[in-house]
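For reference, the structure discussed in these notes is given below.
The values are calculated or read from the model by the stated rules, or taken from the named source; none is laboratory data. Since the model is a prediction, treat every value here as computed from it, not as a measurement. Here the Cβ positions follow ideal geometry from the backbone for every residue, glycine too, while neighbour counts run over all protein chains shown. For accessibility, only protein heavy atoms count, side chains too; no ligands or nucleic acids. Shrake-Rupley method; radii C 1.70, N 1.55, O 1.52, S 1.80 Å.
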Amino acid sequence: MYTYQEFCEQYLLAYAHKGGVKVKALGRIDPQWFEELKKEVAWIIGGQPSSNVGDKAHTTYWTQPQGSARQFSLYNATGKSDEFLTDFAPPSKVPKKLTFPDLAAISRFAALFGNDLVNLRLNGLGSSSRLSLHEESPITATPSGRTFRVRFHLPIVTNDAARMLLDGEEFHFEAGNLYFFHHGCVHAALNESDSHRYHFVLDCELTPKLFHKLFAGISNEPGFIPFTETESTLLSKGTAVEFGEFITEEGKRITGINYGRRVPRATDWYRSNYPSVFGRIDKLFSSSKTA
């Protein structure tokens with residue numbers, strides 16, 4: 001079992017595409033609670049508005065969806081399930097609320113992540129649908145170092161042909177199990193069946209408190225049953241798959257993950273916030289190299 005510091009080191013390795021932890025099965029939702037979650041999800045799917053990830057205006061369109069990709073936003077600034085513009089904004093800057101606060105099972109699930117919750121979405125992939133290979137940037141440089149965002153998946157409705165790809169490995173996530181999913185890896189989501197797939201997908205700020213609650217295998221949260229290290233290892237195994245071209249958030253197309261991805265540092269924050277100062281430093285450095 002990792003300590004918090006060890007996990008952060010593994011997180012950085014995976015971000016740089018040098019191994020590390022890509023996926024970790026954390027625990028299962030109590031069967032009764034999970035049945036309540038499924039009923040509430042069915043109600044949402046059956047009659048509530050969703051956004052279309054295939055719409056070019058959608059904030060996730062850059063992931064190049066194919067087929068049907070449907071998203072319900074369950075924690076945002078507007079309280080509308082077809083909202084998507086504020087999904088990834090930090091709650092400290094954009095106050096957020098649960099879209100359906102009267103749905104007790106989903107409210108309870110959101111509370112599991114406490115104040116570290118950034119967003120909560122119900123993502124659906126239709127038959128023969130996918131999000132293409134893409135790479136996100138979940139590390140933010142700060143004046144004192146960096147902050148990490150961690151992503152979780154809880155499959156609600158799935159099938160054997162629904163798979164996740166991360167850095168050249170393929171995984172299947174089982175319904176009712178909560179998984180850490182490193183979205184800094186090059187990843188894709190596929191549903192090659194003739195039925196729909198729905199996952200809760202959520203991002204959180206990684207803090208020691210969140211880590212010890214969900215990653216340490218000793219959670220006392222009612223209704224969340226942590227996996228033993230043996231169970232977690234077994235459920236977190238992937239199989240190798242052929243790796244192709246992917247797209248970055250900046251729109252770059254890259255083939256192969258060994259391109260030397262750089263981890264953000266505190267100096268990046270200062271460079272971004274004080275460009276005139278660093279411009280002069282860079283100019284002096286450049287001049288000294290050519291002198």
Task: For segment 22-82: accessible area per residue (Å², 1.4 Å) - done: 46
Open item on the list: Take the residue pairs K56/K80; K18/K252; K80/K252; K38/K97; K39/K97 and return only those whose Cα atoms are more than 23 Å apart.
Closed with: K80/K252
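About the Cα centre, and with charges only on the beta carbon of Lys, Arg (+1) and Asp, Glu (-1), how big is the dipole of the chain? Nearest 20 debye, please.
1060
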Task: Sparse-neighbour loop sites [GluC sites (Glu not before Pro); segment 155-232; at most 14 other C-beta within 10 Å; DSSP] - done: E174
Task: Cross-link reach list, aspartates and glutamates versus K213, counting only Cα pairs under 14 Å and skipping chain neighbours closer than eight places - done: D116, E205, E221
Task: Exposed trypsin sites (Lys or Arg not before Pro) absent - longest run of the chain, DSSP non-H/G/I/E/B, at most 15 other C-beta within 10 Å - done: 94-236
